[in-house]
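Read the structure below first, then the notes.
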Amino acid sequence: MHVSFEDLEALVDAPGAPGNEYAVADRFAELIEPHVDTVSFDAMGNVVAPRAREATSR
C-alpha cells in the first residue's frame with residue numbers, strides 16, 4: 001500500500017480533538033477502503049478494517 005503525501009496531509013489536517021476524532025476516522029476509512037474487505041466502526045468509534053488472508057502454498 002502506497003501512502004501519498006496528500007493522503008498523510010489529509011489525515012493530519014482533519015480536525016480531531018481528543019474524544020472527537022470522527023473526521024480523522026472517516027478520512028482514514030476512505031483511504032483504507034480499497035485495501036480491505038470491509039470497513040466499519042465499533043461502538044467507540046474505532047475503524048475496523050479486516051482483510052482476508054491470501055492463500056499461500058506451503
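Going through the stretch 1-13 one residue at a time, which ones are assigned to a loop (DSSP other than H, G, I, E, B) and more than 19 Å from V39 (Cα to Cα)?
Restricting attention to the stretch 1-13, the residues satisfying the condition of being assigned to a loop (DSSP other than H, G, I, E, B) are 1-4.
Matches in the stretch 1-13: S4 only.
Quick one: in the stretch 27-51, which of the residues that are in contact (Cβ under 8 Å) with a residue 12 or more places away in the chain and among the acidic types (D, E) is nearest to L11 (Cα to Cα)? Walk me through it before giving the result.
Within the stretch 27-51, the first condition is being in contact (Cβ under 8 Å) with a residue 12 or more places away in the chain, and the residues that meet it are 27-29, 31-33, 35-38, 41, 45-47, 49-51.
Next, only the ones that are among the acidic types (D, E) stay: 33, 37.
Numbers: E33: 15, D37: 21 Å.
Top of the filtered list is E33.
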message: With the requirement that a residue be part of a strand (DSSP E or B) and either touching a Gly at 6+ places or on another chain (Cβ under 9 Å) or of a type outside the set (S, T, N, Q) (or both), what does the stretch 21-58 give you?
response: F41, V47, V48
query: Taking the condition at pLDDT 85 or above and surrounded by 10 or more Cβ atoms within 10 Å (Cβ to Cβ), does F5 pass?
result: no
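The values are calculated or read from the model by the stated rules, or taken from the named source; none is laboratory data. All values derive from a computational prediction rather than experimental measurement. FYI the Cβ positions are ideal-geometry reconstructions off the backbone, even for glycines, and counts take in every protein chain you see.
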